[in-house]
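The values are calculated or read from the model by the stated rules, or taken from the named source; none is laboratory data. Since the structure is predicted, the reported quantities are computational estimates derived from the model, not experimental observations. Glycine gets a Cβ as well: all are built from the backbone with ideal geometry, and neighbour counts include every protein chain shown.
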Amino acid sequence: MTSRPFYWSLRRELWENRAVFIAPLAAAAVVLVGFVFALRDAPDLLARLPALTAAHAAAANPFAEVATRRALTAIRGGLILPYVAAGAGVMVVSLVVAIFYALGALYNERRDRSILFWKSLPVSDRTAVLAKAAIPLVVLPLVASLIAIALQILMIAIETAVIAGSGQDPGQLWTLLDLPLLWLTMPYGLLCVSLWQAPVAAWLMLVSAFAKRTPILWAVLPPAAICLFELVALHSTHAWDFLRHRLTEGFDVGFSAAPTRPTNAFGIQRLDPLHLLTNPGLWGGLVVAAALLAACVWLRRRHDPI
């Protein structure tokens, strides 16, 4: 596979699927509007922070210490939560876009018969499939990270102006947020999710390659039937536990597994790439993803339009 056909195949996918950019941007716009409405509470929360910090340090008994610690946690949470919600909102929307993109990646071109045109071009089926797979596995995580970081920069610029306008020192907010750490954590976490869920994306693309109608049912019903059969026949939930682990724990697998590790202001444990790279589930999933994508290439080469 040469780089030039792959590059133009990727450009074609982005041109035909503008939701890759539009949906995360729309989510960012919604978050920003909500954040602006919620800014009325920020100066008051920040004004209470120094007094509560001093009261917590000077607490004379355990009850006063617990009370002031809870109040500090509530205030810090109120200041930090919008930034966490901004990143999480953009990431969740990007994940939804990735699901629907993968389900339609090969199905849509067979349904509207554009596959006849694309097969007439000097681009191999392998190049076409890999370009499609790169959208949910590489492009969307990158786009989500950049949009989330840009959104948070805009949010903190607006909040800094509001706090400075109220006569307070916005430096307290910058110290509290520790945004550089969050800006490192988000792309890294999305990379972990992308690698961990690669077999899920490949399965959705495989369904898109062979389904003649309603690919979402073909994607969901076989795993659901296996889980239901195991529950009824064997009274166990191993299949469901495996699916849940693969679907929901991609973010955690790249961070420290030790429960005693300290967390930062966002409650995030220490980044641990070694824990990710030594996880056998990661490499097993990538092997399965490669096999499913190879099946997608084979099906695209042989299947006719719907």
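Taking the range 214-237 as the search range and keeping residues that are touching a residue at least 12 places away in the same chain (Cβ under 8 Å) and not aliphatic (A, V, I, L, M), which one is surrounded by the fewest Cβ atoms within 10 Å (Cβ to Cβ)? Looking at the filtered set, the residue picked out is 223. You will find that of 135, 115, the residue that is at pLDDT below 85, closer than 27 Å to residue 11 by Cα and surrounded by 18 or more Cβ atoms within 10 Å (Cβ to Cβ) is 115 and no other. Put simply, of 273, 223, 259 the only residue that is of a type outside the set (Val, Ile, Thr) and modelled with pLDDT of 90 or more is 223. Only one of the numbered conditions (1) touching a helix residue (DSSP H, G or I) at 6+ places or on another chain (Cβ under 7 Å); (2) modelled with pLDDT of 90 or more is violated by residue 123, and that is (2).
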